[in-house]
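The values are calculated or read from the model by the stated rules, or taken from the named source; none is laboratory data. Just so it is clear, the structure is predicted and the values come from calculations on it, not from any experiment. Cβ atoms come from the backbone with ideal geometry, glycine included; neighbour counts cover every protein chain shown.
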Amino acid sequence: MLTLDGIKGVGSATIKKLNELDITSVFELFSFLPSKYIDLKSPVSVADAEAGQLNLFEGEVERVSAVRSGRKRDFYVIFGDLASGGRIHLRATFYNMPFLHDGFEVGQRYRMLARLQKNVGTFEVVNPQLEKLEKVSKLDGVFTLYPLRGAMGQNAFKNILYSALDELKGANYAGALGAVNADILDCFEHIHRPSSVDDAYEAVYRLSSIDLGITFALYKKVATNVENHRKVFYKTSQFGIVDFKNALPFEPTPSQTAAFERLDELFSSPNYISAIVNGDVGSGKTVVAFYAMLKAALGGRQSALMAPTEILAEQHAAAFKKIADKLGVSFCLMTSSMSAPERRRCEEGLANGDIMCAIGTQALIADSVKYKDLTCAIIDEQHKFGVGERGELERKGARDVISMTATPIPRSMALTFYEDIDILRIDKRADARTNISTTVVNDIDMAVEYVCAAAKDGRQSFIVCPAIRDAEGYDIFSIESFMRDFARRFEGISIAALHGKLSSEQKAEQMRAFAEGKTKVLVATSVVEVGIDTLASDILILNADRFGLASLHQLRGRVGRDGKEAHCYLHTQSQSERALDRLDALCRISDGIELAELDFGMRGAGDVLGLKQSGASYTPIFGLELTSQALLDGKKYAADRLGALSLGELITLTRRSEKRVRAFIEDLREVTLNS
């Protein structure tokens with residue numbers, strides 16, 4: 001069994017850096033796929049190279065400056081561009097690398113990979129990756145670029161990855177899974193060390209095909225073997241739609257009423273509930289969740305609603321209390337920041353059955369929380385939780401599980417992945433018109449000025465960045481770079497940063513301060529996509545082309561929630577026709593379902609197959625992880641679960657899925673993945 005600390009050159013400090021990238025095993029190391037491939041077979045002329053993009057150059061040293069004294073210790077080298085016959089000059093500046101200085105000699109020829117900066121009459125690169133032309137090794141073939149987010153350098157990561165691949169090369173795999181395991185490892189080899197760009201994408205396709213085939217096989221086996229016949233029943237006659245409507249301060253929409261009716265059928269059906277409440281931003285999914293909770297509670301059973309953030313749980317609790325009080329239903333709010341006496345009261349009430357409904361965060365599944373008769377669980381923003389959290393609720397008794405998501409599920413996706421799950425679709429209210437104008441902006445200074453003007457006028461704004469920190473090889477705005485370069489523009493304006501690296505308490509405090517209007521500008525990652533209700537009127541999304549349409553639509557839904565005029569600015573530096581078409585679609589279309597279908601067709605596997613925010617994979621690696629654990633981590637349960645499947649069954653399933661996967665991946669080359 002190969003582990004991270006068994007890889008050559010990997011110590012505790014390196015493992016800590018890998019953990020920052022959510023890499024905790026060799027399988028996760030292999031699954032951290034490149035986000036970009038660059039063909040290094042053909043150097044380009046400096047004159048023809050695209051500014052701001054990584055380019056491959058070849059040059060001859062003409063002059064080397066002295067190392068500047070002082071803190072930075074920088075120097076520069078003037079190269080004659082070989083592709084132009086030396087007629088054009090390229091200046092390469094090396095910051096904080098004085099140790100390289102003495103290695104340069106006039107007349108030497110180098111190959112360089114760098115991001116070109118074009119000014120009037122000058123061409124410049126900074127800290128290029130370079131090798132002598134007669135000794136080219138790494139800057140040849142295909143260059144793989146990984147979304148490392150500043151955790152470590154590209155070369156350091158590749159050395160670790162290649163060492164692990166070499167350790168397992170030539171291994172013999174016996175048994176029914178042998179051929180599958182060997183094929184998976186071969187896919188990883190061609191993905192990380194491809195002989196050509198075509199080779200890399202073909203390996204991605206093969207890996208996805210294997211993955212999807214195994215996923216379907218496992219899903220079908222689990223669905224067949226799990227006992228789903230209901231053994232827990234509700235007194236469904238105790239509470240109905242009329243009772244609920246009488247307790248509401250508004251009239252439900254037709255689609256909400258249809259969802260109530262379907263829930264009535266599901267609560268009285270012979271099988272346990274597995275359902276998704278799906279609807280656009282602001283469509284009113286939470287009311288459907290409340291109906292399910294009250295249906296269970298007034299039917300004699302306990303229910304729990306788990307939200308991803310404290311502020312969202314508090315918002316749900318405040319709304320639920322108004323209805324629960326009218327119906328005489330007891331409930332409690334459970335979060336990590338609640339006082340010890342209040343926690344004891346909740347835990348005692350849930351354990352003895354005095355409290356019938358619980359709303360909270362992951363505090364609901366703490367070891368100290370016991371339920372007398374929990375049977376129904378509602379998971380808000382289900383994509384924000386892993387299967388572990390859902391499993392904990394089920395272990396505490398919940399067999400009827402309802403998930404809510406505002407990320408629209410296209411019908412084509414639903415048919416593929418949710419064929420055995422009830423989908424309750426909620427439409428927006430006819431009178432819930434949004435008043436949000438959406439505009440694409442290329443000038444970052446102009447975009448920031450819009451937000452500054454809004455703040456000075458007393459309005460609140462979000463600024464969303466695609467990454468927390470700067471990352472080698474990526475020309476994108478991170479929270480780090482934005483605060484460094486633009487914070488001074490917000491002098492006199494309350495501004496704060498919010499991202500996933502903050503503690504739960506810090507995140508809750510920042511979100512609460514913004515919700516209460518204490519902070520005017522919140523600079524954040526897409527962590528604000530859900531879980532914050534504010535009166536914000538403006539949102540600026542930087543490098544918007546890095547996000548999927550569904551995510552952009554979700555982010556846009558954070559503003560204008562009071563019905564007043566609001567603005568969404570989509571900043572992009574991309575000149576890609578495909579990227580601009582996607583952003584233009586968001587400016588034209590306000591319906592989330594229509595956007596989701598469009599996104600599904602335009603982006604394919606990049607979003608559909610569950611890309612992690614870290615950019616760790618093109619493919620979901622659901623079933624594949626189980627298979628590879630048998631190979632890499634030696635987990636017996638993986639072999640046991642998959643061993644019952646014949647190799648023929650796996651191959652058949654893989655072939656059946658090929659057409660679908662090919663359709664998912666055919667546009668992959670044009671997709672810029674989230675970093």
Problem set entry | Among residues of region 4-41, those that are within 20 Å of His192 (Cα to Cα) and in a loop (DSSP other than H, G, I, E, B), counted | 15
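Determine, yes or no, whether Leu90 is in contact with an Asp or Glu (Cβ under 8 Å, 6 or more places away or on another chain), assigned to a loop (DSSP other than H, G, I, E, B) and either on the phi < 0 side of the Ramachandran plot or among the acidic types (Asp, Glu) (or both). Please lay out each step first, then the result.
Working: in contact with an Asp or Glu (Cβ under 8 Å, 6 or more places away or on another chain): yes; assigned to a loop (DSSP other than H, G, I, E, B): no; either on the phi < 0 side of the Ramachandran plot or among the acidic types (Asp, Glu) (or both): yes.
Judged against the criteria, Leu90 is not a match.
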Exercise. Across region 264-285, what is the number of residues that are more than 30 Å from Leu549 (Cβ to Cβ) and either assigned to a helix (DSSP H, G or I) or of a type outside the set (Val, Ile, Thr) (or both)?
Worked result: 9
For this session: Please specify each residue of region 74-109 satisfying the condition of being among the β-branched types (Val, Ile, Thr) and loosely packed, with under 15 Cβ neighbours inside 10 Å.
Result: Val106
Seminar exercise, completed: How many residues of region 94-127 are hydroxyl-bearing (Ser, Thr, Tyr) and modelled with pLDDT of 90 or more? The answer is 1
Exercise. Quick one: which of Ile493, Ile444, Ile468, Ile476 is of a type in the set (A, V, I, L, M, F, W, C) and under 25 Å from Gly563 (Cα atoms)?
Worked result: Ile493
Exercise. Which residues, counting only those in region 302-350, are among the charged types (D, E, K, R) and either outside the structural domain of Asp367 (by TED's automatic domain parsing) or touching a Ser or Thr at 6+ places or on another chain (Cβ under 7 Å) (or both)?
Worked result: Glu310, Glu347
Exercise. Does at least one position in region 73-90 carry a residue that is over 30 Å from Glu202 (Cα atoms) and hydroxyl-bearing (Ser, Thr, Tyr)?
Worked result: yes
For this session: Would you check if Leu161 is at pLDDT below 90 and buried (at least 18 other Cβ atoms within 10 Å of the Cβ)?
Result: no
For this session: Quick one: in region 256-309, of everything that is under 19 Å from Leu393 (Cα atoms) and among the basic types (Lys, Arg), which residue is surrounded by the most Cβ atoms within 10 Å (Cβ to Cβ)?
Result: Lys295
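Okay, residues lined up against (1) of a type outside the set (Val, Ile, Thr); (2) at pLDDT below 60; (3) buried (at least 18 other Cβ atoms within 10 Å of the Cβ):
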site	(1), (2), (3)
Gly391	yes, no, no
Gly397	yes, no, yes
Val401	no, no, yes
Ala406	yes, no, yes
Ile409	no, yes, yes
Ser412	yes, yes, no
Ile423	no, no, no
Arg429	yes, no, no
Thr438	no, no, yes
For this session: Would you tally the residues in region 29-73 being modelled with pLDDT of 80 or more, surrounded by 14 or more Cβ atoms within 10 Å (Cβ to Cβ) and polar (S, T, N, Q)?
Result: 4
For this session: Output yes when any residue across region 546-553 is of a type in the set (Lys, Arg) and under 23 Å from the mean Cα position of the chain (by Cα), and no when none is.
Result: yes
For this session: Within region 504-520, identify whether any single residue is touching a Phe, Trp or Tyr at 6+ places or on another chain (Cβ under 7 Å) and modelled with pLDDT of 85 or more, and answer yes or no.
Result: no
Problem set entry | Qualifying residue in region 312-323 (condition: under 29 Å from the mean Cα position of the chain (by Cα), of a type in the set (Gly, Ala, Ser), surrounded by 15 or more Cβ atoms within 10 Å (Cβ to Cβ) and at pLDDT below 90) | yes
Exercise. Can you name the residue in region 550-568 that is more than 21 Å from Glu594 (Cα to Cα) and not in a strand (DSSP E or B) and is also modelled with the highest pLDDT among such residues?
Worked result: Glu565
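Based on what the data block shows, is Val125 touching a strand residue (DSSP E or B) at 6+ places or on another chain (Cβ under 6 Å) and assigned to a loop (DSSP other than H, G, I, E, B)?
no
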Exercise. Does Phe99 fit the bill of being touching a Gly at 6+ places or on another chain (Cβ under 8 Å), of a type outside the set (D, E, K, R) and either assigned to a helix (DSSP H, G or I) or farther than 27 Å from Arg193 by Cα (or both)?
Worked result: no
For this session: Go through Cys452, Cys465 for me and flag whichever is outside the structural domain of Asn55 (by TED's automatic domain parsing), in contact with a Leu (Cβ under 7 Å, 6 or more places away or on another chain) and at pLDDT 90 or above.
Result: Cys465
Exercise. Of the residues that sit in region 4-28 and are without any contact (Cβ under 8 Å) to a residue 24 or more places away in the chain and polar (S, T, N, Q), which one is surrounded by the fewest Cβ atoms within 10 Å (Cβ to Cβ)?
Worked result: Ser12
